[in-house]
Amino acid sequence: MKAAVITFPGSNCDRDLAVAFEQSGAEVVRVWHKDTALPAGVDVVGLPGGFSYGDYLRCGAIAARSPIGTAIAAHAQAGGYVLGICNGFQVLLEMGLLPGALLRNAGLKFVCKPVGLNVVTTDSAFTSGYSEGAQINIPVAHHDGNFTADANTVARLQGEGRVAFTYAQNPNGSDGDIAGILSDNRRVLGMMPHPERALDAAQGSADGRAVFAGLIGAFVPG
Amino acid sequence: MKMRVIVTLKPGVLDPQGEAVRHALGSLGFEGVNKVRQGKMIELDLAETDPVRAEEQARAMCEKLLANTVIESYALEPLEG
């Protein structure tokens, strides 16, 4: 399995994300935001956390329209896998690959701490390594993670089993306690918590590993 | 010609920053501030001289980049000079 990790100016979790893919057994290629095409044979695109383009205009807005953006959208529309974490989730929403938007946290504070997450669905490559209803522990670190969408969209996401994770205790005011959502083909996941920061007990939790292991599993024959 | 773009959160979308400003105004003794909504103002200096075409251009820019129409609305205002 080949994963492309995109680096925008201001990305700061790109290296961690590459390590997470590598530790799970993936071949990783690093891709720069000015590139206009993904390397041949890429199965998964990883959009890292950070502050792409300094969060100018809106978080993720300019990254979503960067030269590599068109190639990422085409990859997703052709059924490719995309994992967007934190700022990467913001980019996916700005690209329109996932519905809704992320507002400033309701408490106005930057929230940086381990949080409990409920695994709401195991019906995706990203979540197949968890048991349904499991509570896991993964850190968040964001200022703009307050997920919002109109009531119909939230109901649709919930009804179609496209809410991947919810917060056990809502840290940012997100509608429906939503921490991560899937696309309708279940191959694009955007989430605010950082599974790449929870790979080893030495980091406080290894609960993030299953996200990457599950993705790799989707590419193992049989 | 120049165009001014005003981007604001749609009615009903929570504006925590506006709320914080409202509280700060209250603590400074400004009474009777019922609501504060924060937005942004963007000025465009366009090569286009025809007002109708300039507005069309600015509108396309808002739809594609300047506003996130999921949560924001925008207004355009041509500027003199």
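Taking Cα pairs under 8 Å and at least six residues apart, what relative contact order does chain B come out at, in percent?
Values: 113 pairs, mean separation 43.1, N = 81.
Across chain B, relative contact order equals 53 percent.
What stretch of chain A, leaving out the sites themselves, is the longest with no trypsin sites (Lys or Arg not before Pro) in a DSSP loop having at most 16 other Cβ atoms within 10 Å?
Details: sites that count: A:34, A:65, A:109.
Longest stretch, sites excluded: A:110-222.
Find out how many positive minus negative residues lie around residue B:20, taking Lys and Arg as positive, Asp and Glu as negative, among other residues whose Cβ is under 13 Å from that of residue B:20. Working shown, then result.
Values: positive: A:104, A:109, B:22, B:35, B:37; negative: B:15, B:19.
Once positives and negatives cancel, what remains is +3.
With runs of 4+ DSSP H residues as the only contributors, calculate the mean residue ellipticity of the protein assembly as shown at 222 nm using -39,500 (n - 2.57) per run, divided by the residue total and rounded to the nearest 500. Intermediate results must be reported in sequence, preceding the final value.
Details: 8 runs with 75 residues, N = 303.
Value at 222 nm, helices only, nearest 500: -7000 deg cm²/dmol.
What is the set of long-range amide H partners of residue B:13 at a cut-off below 5 Å, with H atoms built 1.01 Å from backbone N?
Here the answer is none, since no amide H 5 or more places off falls under 5 Å of that of residue B:13.
For the pair residue A:19/residue B:76, report the inter-label distance in nm, with labels modelled 7 Å from Cα in the Cβ direction.
Distance between the two pseudo-spin positions: 4.8 nm.
Please work out the C-alpha center-to-center distance from segment B:13-79 to segment A:1-78 and express it in whole Å.
30 Å
About its Cα centre, what dipole magnitude does segment A:70-222 give when the only charges are +1 on Lys and Arg Cβ and -1 on Asp and Glu Cβ, stated in debye to the nearest 20?
Values: 9 positive and 12 negative charges, 39 e Å.
That gives segment A:70-222 a dipole magnitude of about 180 debye.
In Å, what Kirkwood hydrodynamic radius results for chain B from the alpha-carbon pair distances?
Values: mean 1/r = 0.0701 Å⁻¹.
About 14.3 Å for chain B.
Ignoring chymotrypsin sites (Phe, Trp or Tyr not before Pro) that are buried or in helix or strand per DSSP, and keeping those with at most 16 other beta carbon atoms within 10 Å, what is the longest stretch of chain A between them? Before the final figure, lay out each step's value.
Working: sites that count: A:56, A:110, A:219.
With chymotrypsin sites (Phe, Trp or Tyr not before Pro) excluded where exposed in loops, chain A gives A:111-218 as its longest stretch.
Which of B:63, A:94, A:22 has the fewest other C-beta atoms within 10 Å, and how do the rest follow up to the most? Before the final figure, lay out each step's value.
Details: B:63 11, A:94 25, A:22 14.
In increasing order of surrounding Cβ atoms, one gets B:63, A:22, A:94.
When the Karplus curve 6.51 cos²θ - 1.76 cosθ + 1.60 is applied with θ = phi - 60°, which whole-Hz ³J(HN,Hα) does each residue of segment A:150-163 get, with x for Gly and Pro?
5, 4, 5, 5, 4, 5, 5, 4, 5, x, 8, x, 9, 7
Please state the charge dipole magnitude for segment A:6-79, taken about the Cα centre, from unit charges on C-beta atoms (+1 on K and R, -1 on D and E), reported in debye and rounded to the nearest 20. Walk me through the numbers before you get to the answer.
Details: 5 positive and 7 negative charges, 60 e Å.
For segment A:6-79, the charge dipole is close to 280 debye.
How many lysine pairs are close in the protein assembly as shown, with Cα atoms under 25 Å apart and the two 8 or more places apart or on different chains?
12
State the Kirkwood hydrodynamic radius of segment A:108-218 in Å, one decimal place, computed from all pairs of distinct Cα atoms. Please report the intermediate quantities before stating the final value.
Details: mean 1/r = 0.0716 Å⁻¹.
14.0 Å is the Kirkwood radius here.
For residue B:46 paired with residue A:110, estimate the spin-label separation in nm (one decimal), with each label point 7 Å from Cα along the Cα-to-Cβ line.
According to this spin-label approximation, the distance is 3.7 nm.
Any chance you could check the Cα centroid distance between segment A:129-144 and segment A:162-222 for me, in angstrom?
6 Å
Bear in mind that the values in this text are calculations on the coordinates, not laboratory data. Predicted, not measured: the structure shown is a model, and the values here were computed from it. Please note: Cβ atoms are built from the backbone with ideal geometry, for glycine as well, and neighbour counts cover all protein chains shown.
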